[in-house]
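Written out below as structure tokens is the structure these notes cover.
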Amino acid sequence: MSKTNPMYQKKQLLVTACLLAVIALSVAATLPQQQQQTPPKLVNLKVFPKDIPYRVLDHEMDIWSASLGVRCNFCHARNEQTNKMDFASDAKPEKTAARHMFQMTAKVNKKFFAAKKDSLGLVMATGVNCNTCHRGVAHPEVKIPEGQRGPGGPPPGGPAKPASGK
């Protein structure tokens, strides 16, 4: 085919247009996206600071859900009228339990690990957190070591026998 052939010129034009489209899409994908919606107003905060930024709270909730191996609906109820999550609702007892657990770990960290807090009042580094016990399980089982020596385990040689009356 010669370069003056109209078919060859159309192919060249098509290839060039496709390359330009790929470049334009690549550039558009790398540009920062503008936030189109404002973060929701936070209400019914009982253990987190009232002025906590939405982004920070959302990140904390991601950590909690990963630590328990659950999703948002484990603690938060769905509003059946709007068909959306109602994060402010206290309808589920798991949300109250999570608050108690948060307060418990805060007390343990303050008393035993001298946990320091950031400017928002959130603990920066802790000795214990949700994952310490839960390890990705919503309801961790209490397990007692079987036949192991140590605190709560039997002494070497098996369980103690009562002394004879001789």
Report the FRET efficiency, 1/(1 + (r/R0)^6), for Thr132 and Ala88, where r is their Cβ-Cβ distance and R0 is 25 Å, rounded to 0.05. 0.35
Taking the Cα centre of the range 1-136 as origin, work out the dipole magnitude from +1 charges on Lys and Arg Cβ and -1 charges on Asp and Glu Cβ, in debye rounded to 20. 180 debye
Once label points are set 7 Å from the Cα along Cα→Cβ at both Arg71 and Ile23, what is their separation, rounded to one decimal in nm? 4.3 nm
I need the shape label for the range 5-104. Rule: rounded when a/c is under 1.5, else prolate if a/b > b/c, else oblate, with a, b, c from the alpha carbon gyration tensor. prolate
In nm, the gap between the two label points placed 7 Å beyond Cα toward Cβ at Met104 and Gln12 is 7.6 nm
Run the quick spin-label model on Arg55 and Gln81: label points 7 Å from Cα toward the beta carbon, then report their separation in nm to one decimal. 3.3 nm
Work out how much length Glu146 to Leu122 would gain on full extension: take 0.36 nm times their residue separation and subtract the Cα-Cα distance, in nm to one decimal. 4.8 nm
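Readers should treat all values here as calculations from the given coordinates under stated rules, not as data from a laboratory. Not measured: the values here are computed from a predicted model. Cβ coordinates were reconstructed from backbone atoms using ideal geometry, including for glycine residues, and neighbour counts include every protein chain displayed.
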